[in-house]
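A short write-up of the structure that comes next.
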Amino acid sequence: MNAHPQHPTSAQVVPIFVRVAPEQIAYWKFLFESYEELAIVRTLDRKEAVIVVLAMADYLPHVRAVLAEACARTGGTEVPPPTDLSGDWLLPAL
């Protein structure tokens, strides 16, 4: 996994960008939903299969542990933030 250091403060949402196989997007969403309140996963680009894991800073060590395991199992790779970010990741697309 490619680490991108971040210095969060308490109650801050920390975005972590991950490239996954397109057929694994649902798996990643289900994985984090199964850990209540740990993080939210949103798909940024379905074609490129880039997701963002939105984690509260207080849970970041736990999120990083789940990410490391999931990346090792699925071949997911942490990537830098896309340069063309826009929109509200917390709301589903209409």
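The values are calculated or read from the model by the stated rules, or taken from the named source; none is laboratory data. Predicted model only: the values in this text are computed from it and were never measured. Counting neighbours? That spans all protein chains shown, and the Cβs are built from the backbone with ideal geometry, glycine included.
Looking at segment 1-35 only, could you name the residues that are farther than 17 Å from Ala72 by Cα, touching a helix residue (DSSP H, G or I) at 6+ places or on another chain (Cβ under 9 Å), at pLDDT 85 or above and not in a strand (DSSP E or B)?
Scanning segment 1-35 gives Gln12, Tyr35.
May I ask you to say which residue of Leu38, Leu85 is modelled with pLDDT under 95 and in contact with a Leu (Cβ under 8 Å, 6 or more places away or on another chain)? Show your work before the answer.
Values: Leu38 fails: in contact with a Leu (Cβ under 8 Å, 6 or more places away or on another chain).
Answer to the selection: Leu85.
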